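Colleague: Supplied in structure tokens, the structure appears directly below.
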Amino acid sequence: MIPGTNITKELKVIRNTGQALIGRKESLKAILHGRAKLIILAGNCPPSTSMEIKTASKISNVNVIESDVSASDLGMACGRPFPTAVVAVIDPGSSSILEEVPGKVG
């Protein structure tokens, strides 16, 4: 597991140089359409949402990070003033988050 401070730092880099989608619906669409490169789940992500995202990620072969960052902090790291339980990384930009992720899917 990547420490929460690294995840928030990397998300700030992605926000400035890459592209990420926030929320369950947008992330699920990105997974199913093959656009998502990585999924980040908040530490307090609802179990039903977590299971739905993990199942879709396994089918589409997309890595999932279960972070210890709260949904509020995840939303703030993405530049949003509201909590978000799921973030889909579409383009990491100059972030190194994809290199820090172990090869485990789901």
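Just so it is clear, none of the values below were taken in a lab; they were calculated from the coordinates. Since this is a predicted model, take the numbers as computed values, not measurements. Reconstructed Cβ throughout: ideal geometry from the backbone, glycine too, with neighbour counts over all protein chains shown.
Colleague: Using θ = phi - 60° and the Karplus curve 6.51 cos²θ - 1.76 cosθ + 1.60, what whole-Hz ³J(HN,Hα) does each residue of region 32-45 get, with Gly and Pro shown as x?
Modeller: Coupling constants for region 32-45: 5, 8, x, 8, 6, 9, 7, 10, 10, 9, 5, x, 10, 5 Hz.
Colleague: Also: What's the ranking of 35-48, 87-100 by average number of surrounding C-beta atoms within 10 Å, highest first?
Modeller: 35-48, 87-100
Colleague: In addition: Could you run the Karplus curve 6.51 cos²θ - 1.76 cosθ + 1.60 with θ = phi - 60° over region 24-29 and give me ³J(HN,Hα) per residue in whole Hz, x for Gly and Pro?
Modeller: With the stated coefficients, region 24-29 comes to 5, 5, 5, 5, 4, 4 Hz.
Colleague: Sticking with this one: Amide H to amide H under 5 Å from ILE90: which residues, 5+ apart in sequence or cross-chain, H placed 1.01 Å off N in plane?
Modeller: Residues meeting the criterion, in which the H sits 1.01 Å from N, are GLN19, ALA20, LEU21, LYS37.
Colleague: Hey, could you get me the Stokes-Einstein D for the chain, Kirkwood radius over alpha-carbon pairs, 4 °C and 1.567 mPa s, rounded to whole µm² s⁻¹?
Modeller: Translational diffusion coefficient: 99 µm²/s.
Colleague: Sticking with this one: Over region 1-87, what is the mean sequence separation of C-alpha contacts under 8 Å (at least six apart), divided by residue count, expressed as relative contact order in percent?
Modeller: Answer for region 1-87 is 41 percent.
Colleague: Something else about it: Please list the non-local residues whose amide H lies under 5 Å from the amide H of ASP68, H modeled 1.01 Å from N, same-chain partners needing a gap of 5 or more.
Modeller: Placed amide hydrogens put GLY4 under 5 Å from ASP68.
Colleague: Rounded to the nearest 500, what is the 222 nm mean residue ellipticity of the chain from helices alone, with -39500 (n - 2.57) per DSSP H run of 4+ residues and division by all residues?
Modeller: For the chain, the value works out to -13000 deg cm²/dmol.
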